[in-house]
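Trainee: I have a structure here, written as structure tokens, and I will follow up with some questions on it.
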């Protein structure tokens, strides 16, 4: 079990640029989640995949945000035309199928800073 | 919508003191409840969970009981150590494989 891996760990970019983050879930997990965490707050749900299907998106996920999981394995989260308010920690989590309450395992996150 | 409310921190304790972190929730139906912990410089880790009323989750000396009548899931530990210094998050899910709704987190600092 290598855990959930996120890359990069840190991303600094200028306002208006596009950024892409990658998440590699635990290999046998078919569910993958993206959350955003701002300083001093709890994580907020962004979107969720079961295999390659994106099943739910939060209203927080504006049209500048897009997430994919093309082969049901790794996932990418892209933010276009970044804004100051996008500065946050972006967390990925995965969980197994089967029983409804399999816990979610989190990666260490990608910290995004917008200059 | 669903929500989770935690007591605000920071909570500062001496080693071997008793720790309680209050958590209450608002949700329809029968959510599953979780406590996650975030140690300095590390990612979120599941600490314990409870999936139905009156269940008690426990791990590493921490306990929490799912109280449906008071919609609460308070976290307790009888004797804290310096290594318990972390941010603790209460969370719930409503359905199979569904999103977690988190509270705002409570920072705990244990002094030797």
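Rule-based calculations on the coordinates, nothing more; no lab input. In this text the structure is predicted, and so the values were computed from the model without any measurement. As a convention, Cβ positions derive from the backbone with ideal geometry for all residues, glycine included, and neighbour counts pool all protein chains shown.
Trainee: Rounded to the nearest 0.05, what FRET efficiency is calculated for residue B:15 and residue A:2 with R0 set to 41 Å and r the Cβ-Cβ distance?
Mentor: For residue B:15 and residue A:2, the calculated efficiency is 0.75.
Trainee: Starting from the Cα of residue B:67, step 7 Å along the direction of its Cβ; do the same at residue A:18; then give the gap between the two resulting points in nm.
Mentor: 5.2 nm
Trainee: Taking the mean number of other Cβ atoms within 10 Å as a proxy for protection, how do you rank A:71-81, A:35-45 from highest to lowest?
Mentor: A:35-45, A:71-81
Trainee: Still on this structure, please answer the following. Determine the shielding of peptide A:34-42 by partner chains: average, over its residues, the number of Cβ atoms on other chains within 10 angstrom of each Cβ.
Mentor: What the average comes to for A:34-42 is 4.
Trainee: OK, next. Can you give the alpha-carbon Rg of the protein assembly as shown over 2.2 N^0.38 Å, where N counts its residues?
Mentor: In units of the globular-protein estimate, the protein assembly as shown measures up at 1.02.
Trainee: Connecting C-alpha atoms closer than 10 Å in a GNM of chain B, tell me which of B:32, B:72, B:14 has the biggest fluctuation.
Mentor: Taking springs between Cα atoms under 10 Å, the residue moving most is B:14.
Trainee: Right, something else. Residue A:10 to residue A:84: extension gain in nm, 0.36 nm per residue of separation minus the Cα-Cα distance?
Mentor: Once the chain is fully extended between residue A:10 and residue A:84, it gains 25.1 nm.
Trainee: Averaged over B:98-111, how many beta carbons belonging to a partner chain fall within 10 Å of each residue's beta carbon?
Mentor: Counting Cβ atoms of other protein chains within 10 Å of each residue's Cβ and averaging gives 4.
Trainee: Next up: For chain B, modelled as a GNM with alpha-carbon contacts under 10 angstrom, which of B:76, B:42, B:15 fluctuates the most?
Mentor: B:42
Trainee: Over the C-alpha atoms of the range B:10-112, what are the Rg and the largest Cα-to-Cα span, Dmax, in Å?
Mentor: Cα radius of gyration and Dmax of the range B:10-112 are 13.4, 43 Å respectively.
Trainee: Please average, across the residues of A:86-96, the number of beta carbons from any other chain that are within 10 Å of each residue's own beta carbon, and give a whole number.
Mentor: Per-residue shielding by partner chains comes out at 1.
Trainee: Same structure, new question: Quick check: Cα centre of the range A:37-115 to Cα centre of the range B:10-48, how many Å?
Mentor: 22 Å
Trainee: Of B:20, B:12, B:70, which is the most mobile in a GNM of chain B whose springs link Cα atoms less than 10 angstrom apart?
Mentor: Among B:20, B:12, B:70, the largest GNM mean-square fluctuation belongs to B:70.
Trainee: Tell me, rounded to the nearest percent, the portion of alpha carbon pairs in chain A spaced more than 19 Å apart.
Mentor: 41 percent
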